[in-house]
Structure formats: structure tokens, C-alpha cells
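The values are calculated or read from the model by the stated rules, or taken from the named source; none is laboratory data. For clarity, every value in this text was computed on a predicted model and none was experimentally measured. Note that each Cβ is placed from the backbone with ideal geometry, even for glycine, and that neighbours are counted across all protein chains shown.
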Number of protein chains: 2
Amino acid sequence: MSPDRLNAVFAALADPTRRAILERLAEGMTTVTQLAAPHDMSLPAISKHLGVLERSGLIERGREAQWRPCRLKAAPLKEAVDWIGQYRRHWEESFDRLDEYLQELQAKKPVRKGASREKSRKLSGPGTAVR
Amino acid sequence: MSPDRLNAVFAALADPTRRAILERLAEGMTTVTQLAAPHDMSLPAISKHLGVLERSGLIERGREAQWRPCRLKAAPLKEAVDWIGQYRRHWEESFDRLDEYLQELQAKKPVRKGASREKSRKLSGPGTAVR
DNA sequence: TTTGTGTTTAACCATCTGGTTAAATACAAA
DNA sequence: TTTGTATTTAACCAGATGGTTAAACACAAA
């Protein structure tokens, strides 16, 4: 719910290395060195990625001797998916065409600021999406 | 599916102004000025945000006289939600505890590199999540 | 043609990001 | 205590990001 949390989660997911780390952690917790192995990148770089993931709440780091085992914490993903979920109807079925209908119907509301004497045609092109 | 596309979509969603713009567009297409109105920010700043959203495929910009009406294109959100969806079981139910079980079961695999003579105890603490 | 409105582009700036190498830290093992 | 392994921290760097103001562009209307 918190916007900051959403910022952090989406930002964390925006990097392919971090997404790969999460995918690895979905198989089970493991160490930093193991997480780093598939990536052509220095350990400090991986450590920074883990810091980002941890601050976003997507992982937890433990302590076992000199190892810092990482564990996936998926709860914030639920928040993210819930936020995106509000758009589900927009990508399902023939919503795009329905949308055009709805747009046209509500076109009576003057969406534009200084629009008093304008033509009431579609916003762009004949019949389909805006190009 | 394309990782670049996912990068762009998640990065676009990581900004609260852009998420607010998408929420406004979910009600129907509108102009840049209308989109900018709720935000304490210059028009060029909004224009940049719209550029980010357009490059991520989340909006389309049309052309009607001097207006550039924006329309939500939700398809990329499906990709994002599908990617996150692979973790659904991780945040649902009592997966966390189940997870610990699975971890322990697969602990026979030597997860650690130079681990030949180590104790086979849990990675952290007695019984619960890593702190 | 001039004027006014909507929007983008250009140039600039501060901060964040994602990487590097070198050094420090934490601990186990010898 | 020394040595070796795992990891983080520090310092640095290039490029991206998110904002600004001023100027340019696109078009409608007078």
C-alpha cells in the first residue's frame, strides 16, 4: 500500500540481475557466492544488488559463520501484483475496443480545457487505436 | 517475455508520478495538461514521464490539433504480472514454514563451495526465519 | 498574419544507479 | 596466531534519472 514500498519493489524488479537472483532464491536460500556465480560481475556488485533487494523487503539476509545466506521474502510481490491487478480488465478480452466506446460516450464531458467549439470526432484515426 | 521490456515496464512503474498518471489514464484517455494538473511539477517534467511510459509500451500518444491525447495500453502490465506470478506460491498460505522444511530436506546438496566438513545445522537460529 | 494555447526540445543540474578495484571485516581452520 | 575464505565497505567513475527554465514547435482562432 505504501507508495515508497511500491517504488522500492518496482525499482528492485527493474534490473535483470536482481530478477535472476530472485529466481535463484525461489529454489531455496543460498549464499552470496552461489548467487554471484552465474553473473559476470564482481562480488561487490552482487552485494549491492542484494542490498537493494533487502531494502525493498524482497530478501532477508542471515548470518552463518562467514556466510550471509539469503532467503526470498515474497510478501512485497503481493503488493506489487495487487497494484498492477487494478488494470487487469484493461488487458483482458476486447477491452481496447470497448474502451473506445466508453471514451466516446464520456466525450460529452469537456476533457480539454479551452474546448468550447470543437468538432466531436474521435481523437485520432478512423476507428482504431491512436497512432 | 523479453527482459528489456520487463526492465522498462518495472522501471516505469517505480515512479509514483508515473503510477498516478496510469491511474488517471485508466479512467480514459486525456491530454497532457489534464494529466499534469494534479502534480506540482512543470509540463516538461510530465512530458518526460510520458516519454518513459511510451517507451515502456504502457501508453500511446495520439495527435489532435495541438493536443497529444494519451491512452493507456495495459498489455505490458500482463507481462509484468505474469513474471511476478511465478512467486505466487511463495507469498500465499504458510509457504514460509513449508519453505524451511524444503530447505532442510535439500540441505544434503552441498550448497556451499568449500564445505566438506561442516556441521549440518540450520543456517540460522533455532527453527524460524533468518534474522 | 498575429496571437494565444498546448506540448516538446534543449540545455543544464543534482542525485541515483550500477559497475569497478582495493581495503576492511568476520569467521573457520591450521 | 596465522592463513584462507566469504562478504562488505570505501572510494571512485560513467551514465541514467528526475527535475528545472527558456526556447521552439504545432496548431486554432482572431
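Find the residue count for region B:46-69, including only residues that are farther than 27 Å from A:Arg88 by Cα, free of Cβ contacts under 8 Å to residues at least 24 places away in the same chain and not charged (D, E, K, R). Total satisfying the criteria: 2. Filter region A:8-21 down to the residues that are more than 8 Å from chain B (Cβ to nearest Cβ) and more than 11 Å from the chain's Cα centre (by Cα) and list them by number. Residues satisfying the conditions are A:Thr17, A:Arg18, A:Ala20, A:Ile21. Here A:His39 meets the list (1) near DNA strand D (Cβ under 10 Å from one of its atoms); (2) at pLDDT 95 or above; (3) more than 8 Å from every other protein chain (Cβ to nearest Cβ) almost entirely, failing just condition (1).
Taken over region B:1-16, the residue count meeting the criterion of being in contact (Cβ under 8 Å) with a residue 24 or more places away in the chain and either crowded, with 18+ Cβ neighbours inside 10 Å or not in a helix (DSSP H, G or I) (or both) is 9. None of A:Glu23, A:Glu27 is out of contact with any Lys or Arg (no Cβ under 9 Å at 6 or more places or on another chain) and within 27 Å of B:Ala74 (Cβ to Cβ) except A:Glu23. The residues in region A:61-88 that are farther than 14 Å from A:Ala12 by Cβ, touching a strand residue (DSSP E or B) at 6+ places or on another chain (Cβ under 6 Å) and part of a strand (DSSP E or B) can be counted, and the count is 2.
For the residues A:Arg71, A:Arg24, A:Arg88, the requirement of being away from chain B (no Cβ under 11 Å) and of a type in the set (D, E, K, R) singles out A:Arg24.
Checking B:Glu104, B:Glu100, B:Glu93 one by one, the residue that is at pLDDT below 95, away from DNA strand D (no atom under 13 Å from the Cβ), in a loop (DSSP other than H, G, I, E, B) and more than 8 Å from every other protein chain (Cβ to nearest Cβ) is B:Glu93 and no other. As a summary of the residue check, A:Leu50 satisfies the conditions (1) near DNA strand D (Cβ under 8 Å from one of its atoms); (2) out of contact with any Ser or Thr (no Cβ under 7 Å at 6 or more places or on another chain); (3) modelled with pLDDT of 95 or more; (4) farther than 22 Å from B:Val9 by Cα except for the one numbered (4).
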